[in-house]
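Engineer: Here it is: the structure, laid out below.
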Amino acid sequence: MALAASTTSTLLSRRDLRFLLHEWLGVERLSERPRYADQSAELYDDVLELAEQLASDKFAPHNRSADAAEPSIGADGRVVLVPEVKPAVQAFADAGLLGTTMPESVGGMGLPHVIGSAAFAWFQAANVGTSGYPFLTVGAANLLLANGSREQIETWVTPMVEGRFFGTMCLSETQAGSSLADITTRAEPQADGTYRLFGTKMWISGGDHELSENIVHLVLAKLPGGGAGVKGISLFIVPRFLVEEDGSLGARNDVVLAGLNHKMGYRGTVNTVLGFGEGTYQPGGQRGAVGYVVGEEHRGLTYMFHMMNEARVGVGLGATCLGYTGYLKALRYARERPQGRLLTARDPSSPQVPIIEHADVKRMLLAQKAYVEGALALVLYCGKLLDDEQSLEDEEARAKAHLLLDVLTPITKSWPSQWCLEANWLAIQVHGGYGYAREYDVEQHYRDNRLNPIHEGTHGIQGLDLLGRKVTMQGGAGLGLLAEAIGVTVKRATSAGGEAAVLGEQLGAALQLLLEVTAQAWGSGEVAPVLANATAYLEAAGHTVVAWLWLEQWLAADGKEGDFYDGKRQAARYFFRTELPKTGPQLDLLAHLDRTSLDMQDAWF
Ligand SMILES: Cc1cc2nc3c(=O)[nH]c(=O)nc-3n(C[C@H](O)[C@H](O)[C@H](O)COP(=O)(O)OP(=O)(O)OC[C@H]3O[C@@H](n4cnc5c(N)ncnc54)[C@H](O)[C@@H]3O)c2cc1C
């Protein structure tokens with residue numbers, strides 16, 4: 001049987017990307033905006049083609065070996081990675097991809113974020129571990145572009161875009177993960193305007209390696225007199241090597257590798273414990289890691305949220321890509337694996353059928369398709385919102401895009417992390433026993449993806465963020481915008497008539513319930529039982545949003561014929577039939593201010 005075009009690569013579907021970017025989001029119209037005036041759809045397609053090729057040639061081939069040979073510390077104290085990582089990240093940098101969305105002033109290409117995300121998706125699907133290095137570097141560079149001084153941008157961002165310096169984000173400590181208010185790393189101001197940092201950071205991805213000339217750590221630390229809680233936190237640039245005025249590398253800074261964490265998955269990204277100010281190196285003859293404050297003192301967490309928000313959408317993208325590649329591999333396997341006969345085939349000597357013909361296998365594939373294509377729509381939509389925020393002419397429209405992105409961020413982080421992990425679970429199931437064996441990729445995808453509900457704010461923390469902050473901020477304006485956007489789609493579906501109108505009606509009802517329950521819950525004034533059900537709320541809101549984006553895809557496919565569009569419609573049907581109804585019972589918990597978990601006592605376990 002000839003394979004459909006969408007399965008020619010088992011990383012992502014080029015056809016689906018084209019559909020989402022061109023037929024749905026209409027990226028070619030971005031060049032009508034002054035910011036992208038010199039760009040074209042052809043340019044975007046070229047970048048995506050380059051990304052697919054580089055990801056396939058340089059990243060995918062060592063995905064499995066980097067997992068099998070996890071990072072270690074060599075006899076000389078240096079981090080040892082599989083040898084293919086360095087040329088891969090170098091090729092990424094040489095292609096200019098670190099600066100895909102950055103301004104030309106720092107050597108970037110200035111492309112829209114939606115294109116940057118789609119391009120980066122190929123790398124995350126090919127090798128999420130190696131992609132971690134550029135991911136962190138771009139995040140750190142963007143944070144400095146938004147909040148750093150001109151001199152800081154020149155000193156640190158330009159070499160990052162060139163691929164000479166890599167970046168990290170140093171927030172977590174052993175005793176402070178979700179609760180950053182409890183960090184103890186401290187910074188001491190120096191007479192020359194610099195700072196010296198002391199403390200230990202835990203879980204730092206890309207914290208030490210030999211992939212780049214320098215590593216730029218963005219570190220949260222407390223200054224004396226900053227007050228308790230998050231208000232006392234400031235943000236510092238702490239490089240591995242100090243940089244001289246002419247840009248050359250200077251003294252080794254007092255930040256050292258204290259150890260490695262050994263992980264279930266995502267092993268290609270080295271994960272470190274870093275010691276600051278231990279006195280191993282003494283720049284300027286003095287103990288303490290030299291740091292430079294970003295922006296104003298005591299506003300560190302606000303700045304860090306810039307990187308964290310970007311990283312949260314990026315985590316959603318990574319989770320999507322792992323789910324997507326697992327789905328495509330399961331699809332290929334199901335088409336090739338003969339096993340059993342159809343229930344209607346009575347003759348035991350008749351040939352076995354490929355497992356894709358069994359209804360239960362189709363169910364598992366359809367669920368994966370609905371999750372991963374829904375998630376890809378969600379992350380690309382957020383990329384487009386970021387572009388709207390930065391490039392629309394109208395100030396009010398820009399502010400709206402910002403607010404909508406803000407409300408969608410916890411969903412975009414957590415929904416793919418949960419459901420594309422579920423897709424990986426199903427991909428293993430489709431492979432049967434072979435899926436549990438390391439000869440097949442899907443078990444690694446599952447292990448890699450299991451990180452995503454944990455880092456960048458756990459699943460539970462995203463629920464608290466959505467229900468506790470995002471839907472109430474500015475008097476509920478963010479949620480109002482989301483409702484407005486969904487309402488527009490429902491109206492279009494009603495006008496389209498037929499099945500679209502039926503789906504629109506179901507979505508409208510789900511939205512109405514979400515809005516009512518949100519108002520009712522907060523109207524109760526009972527904070528504890530409301531927030532005790534925040535995760536159920538997050539999941540219900542996530543499903544409502546993804547159902548919306550499935551209806552959007554349905555409308556983009558409306559009236560179009562062929563297998564690809566029929567597949568889109570069937571996946572949308574599946575999502576509405578099987579998944580959307582789950583939101584009812586979830587919201588019911590909140591509607592009744594359910595206290596079952598809240599009232600559970602430690603001693604009763
Ligand atoms: C592989 C990996 C890479 C990482 N990379 C980085 C990095 O580069 N930089 C960095 O700074 N950090 C990094 N982290 C740290 C990561 O962000 C934290 O692990 C995460 O924020 C959770 O913190 P924790 O592990 O201390 O868990 P805890 O905060 O102890 O949470 C444990 C459990 O309790 C729940 N919980 C905690 N507080 C609350 C609350 N108030 N209400 C309800 N539930 C709560 C959580 O949801 C979770 O289920 C990484 C972690 C891993 C595993």
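The values are calculated or read from the model by the stated rules, or taken from the named source; none is laboratory data. Every value quoted in this text rests on a predicted model; they were computed, and no experiment measured them. Cβ sites come from the backbone with ideal geometry, for glycine too, and all protein chains shown count toward neighbours. These area figures cover heavy atoms from the full protein model, side chains too; ligands, DNA and RNA do not enter into them. Shrake-Rupley method; radii C 1.70, N 1.55, O 1.52, S 1.80 Å.
Engineer: Only one of Leu593, Leu515, Leu531, Leu511 is at pLDDT 95 or above and surrounded by 19 or more Cβ atoms within 10 Å (Cβ to Cβ); which?
Structural biologist: Values: Leu593 fails: surrounded by 19 or more Cβ atoms within 10 Å (Cβ to Cβ); Leu515 fails: surrounded by 19 or more Cβ atoms within 10 Å (Cβ to Cβ); Leu531 fails: surrounded by 19 or more Cβ atoms within 10 Å (Cβ to Cβ).
Result of the check over Leu593, Leu515, Leu531, Leu511: Leu511.
Engineer: Based on what the data block shows, is Phe135 within 16 Å of the ligand (Cβ to nearest atom), not aliphatic (A, V, I, L, M) and not in a helix (DSSP H, G or I)?
Structural biologist: Values: within 16 Å of the ligand (Cβ to nearest atom): yes; not aliphatic (A, V, I, L, M): yes; not in a helix (DSSP H, G or I): no.
Here the answer is no, as Phe135 does not meet what is asked.
Engineer: For region 449-557, give me every one of the helices (runs of 4 or more DSSP H) that falls completely inside it and has 3 or more residues that are more than 21 Å from the chain's Cα centre (by Cα).
Structural biologist: On the way: elements: 459-465, 473-496, 498-523, 527-532, 534-557.
So the answer is 473-496, 498-523, 527-532, 534-557.
Engineer: Here's something else I'd like to know. Go through (1) small (Gly, Ala, Ser); (2) under 24 Å from Gly542 (Cβ atoms); (3) without any contact (Cβ under 8 Å) to a residue 40 or more places away in the chain one by one and return the number of the condition Gly316 breaks.
Structural biologist: So the condition that Gly316 fails would be (3).
Engineer: Considering (1) within 8 Å of the ligand (Cβ to nearest atom); (2) more than 19 Å from Glu296 (Cβ to Cβ); (3) of a type in the set (A, V, I, L, M), say which one Ile215 fails and leave the rest.
Structural biologist: Every listed condition holds for Ile215 apart from (1).
Engineer: Still on this structure: Among the residues in region 194-211, are any without any contact (Cβ under 8 Å) to a residue 60 or more places away in the chain and part of a loop (DSSP other than H, G, I, E, B)? Reasoning before the result, please.
Structural biologist: Quick first cut of region 194-211, residues without any contact (Cβ under 8 Å) to a residue 60 or more places away in the chain only: none.
Checked against the condition, which is being without any contact (Cβ under 8 Å) to a residue 60 or more places away in the chain and part of a loop (DSSP other than H, G, I, E, B), region 194-211 yields no hits at all.
Engineer: If you go through region 119-128 one residue at a time, do you hit one that is within 16 Å of the ligand (Cβ to nearest atom) and assigned to a loop (DSSP other than H, G, I, E, B)? Walk me through how you get there before you give the answer.
Structural biologist: Taking region 119-128 and keeping what is within 16 Å of the ligand (Cβ to nearest atom), we get 124, 127-128.
Checking the rest, the ones that are also assigned to a loop (DSSP other than H, G, I, E, B) come to 127.
Yes, because at least one residue in region 119-128 is within 16 Å of the ligand (Cβ to nearest atom) and assigned to a loop (DSSP other than H, G, I, E, B).
Engineer: Please go through (1) surrounded by fewer than 18 Cβ atoms within 10 Å (Cβ to Cβ); (2) touching a residue at least 60 places away in the same chain (Cβ under 8 Å); (3) farther than 20 Å from Met308 by Cβ for Pro189 and return the number of the only condition it doesn't satisfy.
Structural biologist: Every condition holds for Pro189 apart from (2).
Engineer: Another question, then. Let me confirm something: among Arg335, Arg363, which residue is over 30 Å from Leu404 (Cα atoms), open to solvent by 20 Å² or more (accessible area, probe 1.4 Å) and touching a strand residue (DSSP E or B) at 6+ places or on another chain (Cβ under 6 Å)? Show your work before the answer.
Structural biologist: Details: Arg363 fails: touching a strand residue (DSSP E or B) at 6+ places or on another chain (Cβ under 6 Å).
Answer to the check: Arg335.
Engineer: Do you know which residues across region 94-116 are hydrophobic (A, V, I, L, M, F, W, C) and part of a helix (DSSP H, G or I)?
Structural biologist: Correct list: Leu97, Leu98, Val106, Val114, Ile115.
Engineer: Moving to a separate point now. Using the structure shown, decide if Ala91 is of a type in the set (A, V, I, L, M, F, W, C), part of a helix (DSSP H, G or I) and touching a Lys or Arg at 6+ places or on another chain (Cβ under 9 Å).
Structural biologist: On the way: of a type in the set (A, V, I, L, M, F, W, C): yes; part of a helix (DSSP H, G or I): yes; touching a Lys or Arg at 6+ places or on another chain (Cβ under 9 Å): yes.
Criteria met by Ala91.
Engineer: Can you name every residue in region 252-292 that is touching a Leu at 6+ places or on another chain (Cβ under 9 Å), under 23 Å from Ser212 (Cα atoms) and hydrophobic (A, V, I, L, M, F, W, C)?
Structural biologist: Val255, Val256, Leu257, Ala258, Val270, Val273, Leu274, Phe276, Ala289, Val290
Engineer: Kindly establish whether Gly284 is open to solvent by 30 Å² or more (accessible area, probe 1.4 Å), assigned to a helix (DSSP H, G or I), more than 11 Å from the ligand (Cβ to nearest atom) and at pLDDT 95 or above.
Structural biologist: Working: open to solvent by 30 Å² or more (accessible area, probe 1.4 Å): yes; assigned to a helix (DSSP H, G or I): yes; more than 11 Å from the ligand (Cβ to nearest atom): yes; at pLDDT 95 or above: yes.
The answer is yes for Gly284.
Engineer: If Asp246 satisfies all but one of (1) surrounded by 20 or more Cβ atoms within 10 Å (Cβ to Cβ); (2) out of contact with any helix residue (DSSP H, G or I) (no Cβ under 6 Å at 6 or more places or on another chain), what's the number of the condition it fails?
Structural biologist: All conditions are met except number (1).
Engineer: Given the residues Gly498, Gly468, Gly504, Gly457, which is the only one that is within 30 Å of Ser13 (Cβ to Cβ), within 16 Å of the ligand (Cβ to nearest atom), out of contact with any Gly (no Cβ under 9 Å at 6 or more places or on another chain) and not β-branched (Val, Ile, Thr)?
Structural biologist: The match here is Gly457.
Engineer: Being part of a strand (DSSP E or B) and surrounded by fewer than 20 Cβ atoms within 10 Å (Cβ to Cβ) is the filter; apply it to region 257-267 and report the residue that is nearest to the ligand (Cβ to nearest atom).
Structural biologist: The extreme case among them is Leu260.
Engineer: Hey, another quick one. What single numbered condition from (1) more than 10 Å from the ligand (Cβ to nearest atom); (2) open to solvent by 30 Å² or more (accessible area, probe 1.4 Å); (3) aliphatic (A, V, I, L, M) fails to hold for Met202?
Structural biologist: Failing condition for Met202: (1).
Engineer: How about region 228-240: which of its residues are open to solvent by 50 Å² or more (accessible area, probe 1.4 Å) and away from the ligand (no atom under 16 Å from the Cβ)?
Structural biologist: Taking region 228-240 first, the residues open to solvent by 50 Å² or more (accessible area, probe 1.4 Å) are 228, 230-231.
Of everything in region 228-240, those that are open to solvent by 50 Å² or more (accessible area, probe 1.4 Å) and away from the ligand (no atom under 16 Å from the Cβ) turn out to be Ala228, Lys231.
Engineer: Let me ask something else about it. Please work out which one of (1) small (Gly, Ala, Ser); (2) more than 25 Å from the chain's Cα centre (by Cα); (3) within 22 Å of Trp415 (Cβ to Cβ) is the condition Ala572 fails and give its number.
Structural biologist: (2)
Engineer: Mind checking which residues of region 161-187 are more than 13 Å from Ile215 (Cα to Cα), among the polar types (S, T, N, Q) and within 10 Å of the ligand (Cβ to nearest atom)?
Structural biologist: Answer for region 161-187, where residues must be more than 13 Å from Ile215 (Cα to Cα), among the polar types (S, T, N, Q) and within 10 Å of the ligand (Cβ to nearest atom): Ser172, Thr174, Gln175, Ser178, Ser179.
Engineer: Which one of the conditions (1) modelled with pLDDT under 95; (2) among the hydrophobic types (A, V, I, L, M, F, W, C); (3) buried (at least 18 other Cβ atoms within 10 Å of the Cβ) does Val372 fail to meet, given that it meets all the rest?
Structural biologist: Result: Val372 fails condition (1) only.
Engineer: Another question about this same structure. Looking at region 151-175, I want the residues that are hydrophobic (A, V, I, L, M, F, W, C) and have a partner that is open to solvent by 40 Å² or more (accessible area, probe 1.4 Å) and away from the ligand (no atom under 16 Å from the Cβ) with Cβ atoms under 7 Å, at least 6 apart or on another chain. Which pairs are those?
Structural biologist: Pairs found: Ile153/Leu145; Val157/Leu145; Val161/Gly107; Phe165/Glu213.
Engineer: While we're here: State whether the residues of region 546-556 include one that is out of contact with any Phe, Trp or Tyr (no Cβ under 9 Å at 6 or more places or on another chain), farther than 22 Å from Arg492 by Cα and at pLDDT 95 or above.
Structural biologist: No, region 546-556 contains no residue that is out of contact with any Phe, Trp or Tyr (no Cβ under 9 Å at 6 or more places or on another chain), farther than 22 Å from Arg492 by Cα and at pLDDT 95 or above.
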